[in-house]
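Take a look at the structure below.
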Amino acid sequence: MTTPLTPTALGADQARARRHELTVIDVRTPGEYASGHLPGALNIPLDQIRRALPEIRHAADRGDVLVVCASGARSENACKLMTEQGIPAAHLVGGTSAWAAEGHDLHHPAACETRARWSMERQVRFTAGAAVLLGLLLGLLVHPAFQILSAGVAGGLVFSALTDTCGMAAMLGRLPHNRPRPADLAATLATLRRG
């Protein structure tokens, strides 16, 4: 009987020391990925991981797979999914934030330098803050019932923290600037198949 796989975790310094032997998969949105990623990382957004499992399995047969996101939460979820499917994977503790905090360079694609991109976390903070302020202002200026909007956002943030999920991030991820382009994903999957 085989023992089920469990995801492992690597710190930023460990990952940097092994970077040449790892296949690095960044599960953030294309916009987040373009704002700065680990050198050599391939972008497969979290909502496309299931589709990419055969190619990821192929890459894992050749060597270790490291999954990365902004803070480590999404990459840990992706690792759990992969190990449940029999694909050994590790995630980067603290994500690209920890990588950059350790002083390691992030790659910024030349095509994206002219257009600033916000991380999903920053987009969520901005949207939540704007919705709370809007609810409070409308509650003061129009009708107190508009304060329900602020209460709803606050409740959503508490739920998000308790469940380690984020509905607002899922909704924002559907915006055109955050959606993956099929051609980019196809090229990434082809890269994983080639090795």
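Readers should treat all values here as calculations from the given coordinates under stated rules, not as data from a laboratory. Treat the numbers as computed from the prediction; the structure is a model and nothing was measured. Glycine also receives a Cβ, built like all others from the backbone with ideal geometry; neighbour counts cover every protein chain displayed.
Here are the numbers for the structure shown:
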| quantity | calculated |
| --- | --- |
| Value of Rg/Rh across segment 120-172 [Cα atoms, Kirkwood radius] | 1.03 |
| In degrees, nearest ten, helix 49-62 long axis to first principal axis of the chain (Cα) | 30 |
| Highest-first arrangement of 146-156, 84-94, where packing means the average Cβ count within 10 Å | 84-94, 146-156 |
| For volume of the Cα convex hull per residue in Å³, calculated from these coordinates, the label among (i) 142; (ii) 173; (iii) 250 | (i) |
| Normalised contact order of the chain, rounded percent, pairs of Cα under 8 Å and 6 or more residues apart | 26 |
